[in-house]
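Here is the structure we will look at, set down as structure tokens.
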Amino acid sequence: MALILATLSSLIFGVADFAGALAARRVPAVTVVVGAHLTGLVGLSAVASLFAPGPPPAPDLGWGVLAGLGGSVGIALLYHALATTPMSVTAPVAAVVGTAVPVVFGVIIGERPDPVAWVGMVLVIPALLLIPARGEAGSGSSMRALGLGSAVGVFFGLFGILISRTGDASGIWPLVAARATSVALMIGVALAWHRPVVPRRHAWPLACTAGLLDSAANVLFVLAVRMELLSLVAVIMAMYPASTVGLARIVLDERVHRTQVVGMGIAVVALILIAVA
């Protein structure tokens, strides 16, 4: 069940990132994050009591606040990177680094996945490199995209680690704390950088869509990581570029290259190996 939740979360994250990236082409990325996370905060607050009546333990709220600090910076960097650099470089680098950070942490704290699961986890690496590939000459040489993608991966990895430290009794209240923190932080950044705090009307639907889907994906992630090893859940979560690429093909009519098809096939095999382990 945990791996199913993680897979759904990964797919939804990819859709949310696609919507956020489109919005970031119209307004600054920090503005998109404010609108998206404000929408997500309202949605999470509305349903939080269904998972746990509260009040949640103070330490869990603290983990949520710390996760919100890292996650908000990561998502702002991601939206900016996807809107301004080659996705074929940024997305796989962010996914690989974002996977490596929690996997290494999980091993350090004593997690020991099954050998078959390790095979699946290793196969995810070439899948992540192939799925976003667009076959565009020179795109892989962009050092800026590599740098931004690496930074995004680190922040996403930290978010996963921090939010996974929360307990079952807290429900999704730590996510509420994370969203409240990110909204406050991004409003401060927007004001300091003289950027619009509220997205323009034509960007609101995309920002709201990104915020609601991102929050739903986070709920699924929290539920999954409380049932299964963080290292396994993180690997599955890292395949979110697959849905982003699919939407780019459908919505933007971008061509799907053979390398992407091969990458998706490898990803399926990896998922099966992790699931049966």
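Taken over region 15-37, the criterion of being closer than 13 Å to LEU212 by Cα and surrounded by fewer than 22 Cβ atoms within 10 Å (Cβ to Cβ) is satisfied by VAL15 alone. Being surrounded by 18 or more Cβ atoms within 10 Å (Cβ to Cβ) and farther than 15 Å from LEU11 by Cα is the requirement here; does SER231 meet it? So SER231 fits the description; yes. Applying the set (1) touching a residue at least 24 places away in the same chain (Cβ under 8 Å); (2) part of a helix (DSSP H, G or I); (3) within 12 Å of ALA177 (Cα to Cα) to VAL42 leaves exactly one unmet item: (1).
Consider LEU11 carefully, then state whether it is farther than 21 Å from SER243 by Cα and not β-branched (Val, Ile, Thr). Considered against the rule, which asks whether it is farther than 21 Å from SER243 by Cα and not β-branched (Val, Ile, Thr), LEU11 comes out as no. Taking the options ILE163, ILE187, name whichever one is at pLDDT 85 or above and within 30 Å of LEU273 (Cβ to Cβ). One residue alone meets the criteria, ILE163.
When region 58-112 is limited to residues that are part of a loop (DSSP other than H, G, I, E, B) and over 15 Å from SER164 (Cβ atoms), the one that is modelled with the lowest pLDDT turns out to be PRO86.
Which one is surrounded by the most Cβ atoms within 10 Å (Cβ to Cβ), of the residues in region 198-209 that are at pLDDT 90 or above and touching a Ser or Thr at 6+ places or on another chain (Cβ under 8 Å)? Restricting to residues being at pLDDT 90 or above and touching a Ser or Thr at 6+ places or on another chain (Cβ under 8 Å), the top hit is ALA207. Applying the set (1) touching a residue at least 12 places away in the same chain (Cβ under 8 Å); (2) assigned to a helix (DSSP H, G or I) to VAL197 leaves exactly one unmet item: (2).
Taking the criterion of being surrounded by 24 or more Cβ atoms within 10 Å (Cβ to Cβ) and closer than 11 Å to VAL152 by Cβ, the residues of region 94-108 that qualify are ALA94, ALA95, GLY98. Test ALA238 against the stated conditions and say whether it is surrounded by 21 or more Cβ atoms within 10 Å (Cβ to Cβ) and within 20 Å of LEU123 (Cβ to Cβ). The answer is yes for ALA238. Scanning region 157-194 for residues that are part of a helix (DSSP H, G or I) and among the basic types (Lys, Arg) returns a single hit, ARG179. Of the residues LEU247, LEU223, the single one that is of a type outside the set (Val, Ile, Thr), at pLDDT 90 or above and in contact with a helix residue (DSSP H, G or I) (Cβ under 6 Å, 6 or more places away or on another chain) is LEU223. Candidates are the residues of region 163-192 that are β-branched (Val, Ile, Thr) and crowded, with 21+ Cβ neighbours inside 10 Å; the one that is nearest to THR31 (Cα to Cα) is VAL183. In region 49-66, the condition of being among the aliphatic types (A, V, I, L, M) and crowded, with 24+ Cβ neighbours inside 10 Å is met by no residue.
The values are calculated or read from the model by the stated rules, or taken from the named source; none is laboratory data. If you're wondering where the values come from, they're calculated on a predicted model, not measured in any experiment. Positions of Cβ are generated from backbone atoms using ideal geometry, with glycine treated the same way; all protein chains shown enter the neighbour counts.
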